[in-house]
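Structure, as structure tokens:
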Amino acid sequence: MAVHALLIDTVRCTGCRGCQVACKQWNKRAAEKTEFFGGPGYQNPADLSKDTWCLVTYNEVRIGDRFEWVFGKKQCMHCLIPGCASACPVGALEKLDSGPVVYHKDKCIGCRYCMLACPFVVPRFEYDSWNPYITKCTMCYDRLQMGEIPACAKTCPTGSVTFGERDALIREAKERIASNPSEYHHHIYGLEEAGGTCVLHISNVPFEELGYITDVPKRPIAARTELAMKSIPAVMVGLAVVLGASYRLRTRAQLRGEDAERPSGTT
Amino acid sequence: MEISRRSFLAATGGTGGSALLGFLGLDLRPSVAYASQAVPKRGKIFTTICPYCGVGCGLIVEVRDGTVVNIEGDPDHPINEGSLCSKGASLYQIHHNDRRLRTVGYRKPGSDQWETLSWDTAMKMIAERVKKTRDETWLEKDDRGRTVNRADGIACLGGAALDTEECYLLVKAMRTMGLVWIEHQARICHSSTVASLASSFGRGAMTNHWIDMINSDVLMIMGSNAAETHPIAARWIQRAKERGAVVLSADPRYTRTSSFADHYCKFRSGTDIAFVGGFINYALQNDRVNHEYIRHCTNATFIINPEFGFEAGLFTGYDESQRGYDKSTWAYELDENGVPKRDPSMQHPRCVFQLLKKHFARYDVEAVCSITGTPQEDYRKACDVYTSTWSSDRVATWLYAMGTTQHTHATQNIRSYVILQLLLGNVGVAGGGINALRGESNVQGSTDMALLFHILPGYLKTPQAKHGSLAEHLAAFTPKSNDSMSANWWQHYPKYMVSLLKAFWGDHATKDNDFCYDYLGRITGNLSHIAMFEAMYADRIKGLFCFGQNPAVGGPNANKEREALGKLDWLVVTDLWETDTSVFWRRPGVDPSKIKTEVFLLPAAASMEKEGNVVNSGRWAQWRYKAAAAPGEAMTDAWVLTRLVKELKELYAQQGGKQPEAITNLYWEYGQDSDEHGEPNMHMVAAEVNGYYMSGPDKGKQITNFTKLTDDGSTCSGNWLYCGDYVDRSDGKGKELGEGGHLTEVTHFGKTFKTINRMAKRFKEDPAEVPEGRCVGLHPDWTWCWPINRRILYNRASVDRDGQPWDAHRWVIRWNPTLKDGKGGWEGDIPDGGWPPLAKADGTLNPSSKYPFIMRPEGVACLFASALADGPFPEHYEPLESPLKNPMSPQQNDPAIVIWEPDMVGDPAEFPVVATTFRVCEHWQAGAMTRNTPWLVELMPDVFVEMSVDLAVRNGVKTGDWVRVTSKRGSMKARALVTNRFEPFFIGGKLVDQIGIPWHWGYNGLATGDSANVLTPHVGDANTMIPEYKAFLCRVEKEEVA
């Protein structure tokens, strides 16, 4: 089955943030309280959060005498071999063959290993909830099941965010760079990072300039998490009491059907 | 329109979709184990149109169990194809929002709070106040003793966010009451566009349309930040780029549009004419002129009166005491038949082409850049790229918005675009034109419906005091041409005027009573937005209606306008929100007990909560549907107007008063009496706007085309331009009769007729997509556009004398001699009139043809436009407030502007920094909608000021610091955003700083902040009084205490 991905092209982005709001709309995420701007330019909020799974960044970049205002996009990279999923002791995070890394909240025990394991610092925890979950972009897995594309890709006015088969998008990215070599920085971010991801970025400036994490190893993170995973049984015993209580609460909530109508991307 | 889930999914698959589903090839079965409960069931889908900017994006509203559960882009809509910007994507929170008004609010004089009223009580109270004020302030004669019969003490503002049918009802109700103070957003956003384009081409609208941008080779975005304020424009600009187009951005700030462009030029605010004058000169000096085009489509060959001249910054005829011109010398020289003389060689020293060349010779690159502050290298490159489109096989478009239109010389700014585009042969063709990007979802419709003091629906003229009868009015406004080749379309004015009066007063309007012409209040002088607030400030206006407009934030010199509101006896605000205007009495720094204005705040239905059409910037009238009920007791604006009319009819029938017949005889039958809530049927209104036969064998039948309208009272039409959008279906043909939401029925004179609502059509095929390379994107069967579904205005200028397109690879229309049994006919878009091409087969002029610009009496477009107040050619003048002396002439400012407050002009020594206001993607206009939408507030919660690093360092300011910006009018606080995107200008050896402030904020709402418009001056354009929002002086200081 073909692996699907998102291609993000900063050259086409106008920074309108349709994607950021469409993500909130579809996934019914609350607005955050912000003040002025949370980062360079018009960026808001300051970072990804439990309610912000997609974030546009604004970067003033000067290279020689060339000035560019370049808009980046932060979100889950949907790694081919995701560190978060391999770190999860209960299989709450799962890599699907079709591309998305999805989250099963009914399985989550709230250990937050996924957060530590993610090289892109993506998963967030609902710290302010007494019944917290992990949250992150799901690649709109629920929309994919309906034959629709992710909300961010659908809403993007200029085709800066496109969705499709990963192989085809890689070809497309290479073609864009090759047909306009002076415009593009010659690198596809996500082609090899962390062993390859299902979110690919191309840009007119080096990715450091956009604040992207560029010291990510090319080897999958999963390979590094084995050591940590070995200690899990011992940790689990210690956590059992606390987490058991939390688990029960959540299960009860589900039995009451509280979340049944929630059309979010979490399964 | 309701579509089933099945067809919705099919629709989704239809667009990017059909490709998409195959492309995806998603087989999700292996994952279904985890997803057994996860596929949400889809609800009912309704289509709608975005209520924000003028792009007119389609959306689908998904309703489950009567509740809106999801709103996203309509994948079938040809303009946005499912995409949306941040504002469009947030519409869900317009419907689901705790801050929406749900009950009628009433504020007693001197009170500091709202009370709740029932609709019944409120509407009765409002009607009583309207009657009292109307009768008390009724003006029968003006100061010269001429009959004016008008309600001088009541004003009405707003309407650009209403549906077109509601705008029609609004103008009908207000004109019937005798109001002349009728204004709305169009005055302060694009009035200069209408004046400029109408005096040049004959119509005031955007010439082309959104999708057409894909056909351009060069796109100049100047005076517009399209990527932010019309984000879906970028979709088509992007596609043009993929075809190899070059995008130019000219702006004082490096914006999100500049980032998207290939080449950027900075320039100082208010120097647009110098900037474009240089382009014109570059084209003329380098002979980058499409000679055949200008000879055949413009007045370049016309000879001008020998007395005409230009010296020291003034055209002939200037009278300083009047601050105006005697324009008698700005005229064509006529031959013995009264037809303008021409020199086809364009060598005559007094022909327009030579005069133009002489006028703009002064605008060389050095002179221009010394005014604008643009680096010469950047500027030359822009000139070169843009003027490269002079040849027939290349085309450029000019996109602009408020950065152009809101200046003291705004009309002339646009005139400079007109001249440039005509010289290059870029008007009427695909991928060309002058594209006024309109900023409200229905500001085109509201302008067409004439919510402006000086016009009536369809750009007819408001009666003036000097015309005492209908005959005098018609004689004054029906232009004549002695040139048989000129279609002079406005010769039909009387038919449109009489049909309008019939629509207003029905059978009461007869030939014997001048079709009730006397019921319309007659105007004297200028009654535009600034004048209205000056009159309010001077206690001349006692009552004000505000329909979805928020002048406390959006008006110039906002402090003064807020104070003026306090002088009203009563104010009626109809809105979705508690706007800043509606709570002006509790704004910071005022004591509510001292404000005696009675305020009614009426809760209105939002765009997806009612039915009707909105007209986008490309003149597409798009029908939208009611998806869900409005919250609480909120009602449509149409209902409010209907109820008000009902109350007034009763009051005047019982008690009499001033000119009661105008009200009691008013025709207002839209099925409201048979609706359980008294809601008028928008189909009935649309049918009246289109028009129907009032007598004769077809009595009651919808009229199919405005050529059928008459001046004898046998037809009615609420707006002749819209005649053709809601037509009889009994003789319809082809796929119009296919299934769809556009098949309807209406009832006139007790008889029901089958009709087609063309505005609801959704046939997406684009016949343009043929292998011959015809311009793409016309989509003639998707909705309907005025006039008579012509998608590109002035398209007869896209062909040569033989009727063949200048560019065969992107043709709009062309003459095909084999059509109609060898008689020949046009194919492609609906041509500007069906006459044959100008030349016969032997090359001689065909006397049965007409010149291409049918709305102008000359028949051609005007390089030289004598209708304007401040000159037939544009000339650079400095803004009223400028740090520099005008280097071009001793005439510092536009000589024909009205200066309302000479003591309110800032001195550059005290206010050295140039300031401009601007808009952002995330907020909309005066902010009531977006500052109450949590997702958008998250993105931009606070007002800020953009400034250069240089200016910030000199003032000890860092990003995030509070700064105070002060002008002669007022002072505001904002957070500093220090950026490399703003650079100071070096002009004449002098450093000139500029700052920019978004103007969306006010004191009320979820997000609040100071309004930039407390800084802007009460000064307007010489032609339309559009306020100067974009260039004024201020000073910037660090504010120590937050």
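Shown in residue order for segment B:651-656 are the 3J(HN,Hα) couplings computed by the Karplus curve 6.51 cos²θ - 1.76 cosθ + 1.60 at θ = phi - 60°: 4, 6, 5, 7, 10, x Hz (x for Gly and Pro). Per-residue Karplus couplings for segment A:49-63, computed as 6.51 cos²θ - 1.76 cosθ + 1.60 with θ equal to phi - 60°, are listed in order as 7, 4, 9, 10, 9, 9, 9, 8, 10, 10, 10, 8, 10, 10, 10 Hz, Gly and Pro entered as x. Under 5 Å between amide hydrogens, built in the peptide plane, is the criterion, and for B:Ser971 it picks out nothing among residues at least 5 positions away or on other chains.
To the nearest 20 Debye, how big is the dipole of segment B:902-1038 about its Cα centre, given +1 on the beta carbon of each Lys and Arg and -1 on that of each Asp and Glu?
In debye, rounded to 20, segment B:902-1038 gives about 160.
Listed by chain and number, the lysines whose alpha-carbon sits under 24 Å from that of B:Lys341, ignoring those within fewer than 8 places in the same chain, are B:Lys327, B:Lys357, B:Lys358, B:Lys480, B:Lys840, B:Lys850.
Please give the length that would be gained between B:Val949 and B:Arg323 if that part of the chain were fully extended, namely 0.36 nm times their separation in residues minus their C-alpha to C-alpha distance (nm, one decimal). The partial results should precede the final answer.
Working: separation 626, 0.36 × 626 = 225.36 nm, distance 4.10 nm.
Contour length minus Cα-Cα distance gives 221.3 nm.
If I take every Cα pair under 8 Å that is 6 or more residues apart in segment B:902-1038, average their sequence separation and divide by the length, what percent do I get for the relative contact order?
Numbers: 309 pairs, mean separation 49.9, N = 137.
Reported as a whole number, the value is 36 percent.
For B:Met855, B:Met123, B:Met929, the sequence from fewest to most other C-beta atoms within 10 Å is B:Met855, B:Met123, B:Met929.
Summary of the geometry: segment B:256-309 and segment A:54-78, compared by the centres of their Cα atoms, lie 36 Å apart. In this label model, B:Ala808 and B:Asn482 are separated by 4.2 nm, measuring between points 7 Å along each Cα→Cβ vector.
Taking amide H as placed 1.01 Å from N in the peptide plane, the amide H of B:Phe864 sits under 5 Å from that of B:Asn299, each at least 5 places away or on another chain.
Add -39500 (n - 2.57) for each DSSP H run of 4 or more in chain B, then divide by its residues: what number comes out at 222 nm, to the nearest 500 deg cm²/dmol? Working shown, then result.
Values: 29 runs with 253 residues, N = 1042.
Mean residue ellipticity at 222 nm (helix-derived): -7000 deg cm²/dmol.
Counting neighbouring beta carbons within 10 Å and listing from fewest to most, the residues B:Thr462, B:Thr642 come out as B:Thr462, B:Thr642.
Using unit Cβ charges (K, R positive; D, E negative) and no other charged atoms, how large, in debye to the nearest 20, is the dipole of the protein assembly as shown about its Cα centre?
Working: 144 positive and 153 negative charges, 416 e Å.
So the dipole magnitude of the protein assembly as shown works out to roughly 2000 debye.
Under a Cβ-Cβ cut-off of 13 Å, what is the net charge of the residues other than B:Lys699 that fall near it, where Lys and Arg count +1 and Asp and Glu count -1? If you can, show how the numbers build up before the last one.
Details: positive: B:Lys502, B:Lys701, B:Lys751; negative: B:Asp507, B:Asp698, B:Asp728.
Local charge sum for B:Lys699: 0.
Work out the P(r) tail for segment B:972-1042: percent of alpha carbon pairs separated by more than 17 Å, whole number. Of all Cα-Cα distances in segment B:972-1042, 59 percent exceed 17 Å.
Let me know the charge dipole size of chain B about its Cα centre in debye, to the nearest 20, where only the beta-carbon of Lys, Arg (+1) and Asp, Glu (-1) is charged. Before the final figure, lay out each step's value.
On the way: 112 positive and 124 negative charges, 150 e Å.
In debye, rounded to 20, chain B gives about 720.
Quick check on segment B:358-447: take the gyration tensor over C-alpha atoms, sort the square-rooted eigenvalues as a ≥ b ≥ c, and tell me if it's rounded (a/c under 1.5), prolate or oblate. Oblate is the answer for segment B:358-447, as a/c is 1.5 or above yet b/c matches or exceeds a/b. Karplus-based coupling profile of segment A:159-170, in residue order and whole Hz: x, 5, 10, 10, 10, x, 5, 4, 4, 5, 5, 5, with θ = phi - 60° in 6.51 cos²θ - 1.76 cosθ + 1.60 and x standing for Gly or Pro.
In the neighborhood of B:Val289, defined by Cβ-to-Cβ distances under 13 Å, what is the net charge if each Lys or Arg adds +1 and each Asp or Glu adds -1? All intermediate terms of the calculation are to be shown ahead of the outcome.
Details: positive: B:Arg288, B:Arg295, B:Lys357; negative: B:Asp287, B:Glu292.
Counting the neighbours of B:Val289, the net charge comes to +1.
Each label was represented as a point 7 Å from its Cα along the Cα-to-Cβ direction; for A:Glu192 and A:Lys105 these points are 3.9 nm apart. Would you mind pulling out the separation of the Cα centroids of segment B:362-384 and segment B:39-93, in Å? Distance between centres, Cα-based: 45 Å. The residues packed around B:Ala436, meaning those with a beta-carbon under 12 Å from its beta-carbon, carry a net charge of +3 if Lys and Arg are +1 and Asp and Glu are -1. Here's the picture: charge each Lys and Arg Cβ at +1 and each Asp and Glu Cβ at -1 in the protein assembly as shown, and of B:Leu284, B:Gly1005, A:His78 the one pushed furthest to the positive end of that dipole is A:His78. When both segment B:152-211 and segment B:989-1020 are represented by their alpha-carbon centers, they are found 25 Å apart.
Among rounded, prolate and oblate, which fits chain B when a ≥ b ≥ c are the square roots of the eigenvalues of its C-alpha gyration tensor, a/c under 1.5 means rounded, and a/b larger than b/c means prolate? Working shown, then result.
Working: a/c = 1.15, a/b = 1.06, b/c = 1.09.
Rounded, since a/c falls under 1.5.
Farthest toward the positive end of the dipole of the protein assembly as shown, out of B:Ile788, A:Thr158, B:Phe982, is the Cα of A:Thr158, where the dipole comes from beta carbon charges about the Cα centre. For the pair B:Ala475 and B:Lys958, a Förster radius of 60 Å applied to the C-beta separation gives a FRET efficiency near 0.35, rounded to the nearest 0.05. Loop-resident trypsin sites (Lys or Arg not before Pro) (DSSP state other than H, G, I, E or B) in segment B:876-970 with no more than 14 further Cβ atoms inside 10 Å of their Cβ: B:Lys885, B:Lys958.
Ignoring lysines fewer than eight residues from A:Lys105 along the same chain, the ones with Cα atoms less than 27 angstrom from its Cα are A:Lys24, A:Lys28, A:Lys33, A:Lys50, A:Lys73, A:Lys74, A:Lys95, A:Lys136, A:Lys154, A:Lys230, B:Lys41. With N as its number of residues, segment B:902-1038 has a Cα radius of gyration that, divided by 2.2 N^0.38 Å, comes to 1.06.
A convex hull fitted around the alpha carbon atoms of segment B:166-295 yields 164 Å³ per residue.
Quick note: the coordinates plus some simple rules give every number you see, no bench work behind them. Remember, predicted model here, so these are calculated numbers, not experimental data. Positions of Cβ are backbone-derived with ideal geometry, glycine not excepted, and every protein chain shown enters the neighbour counts.
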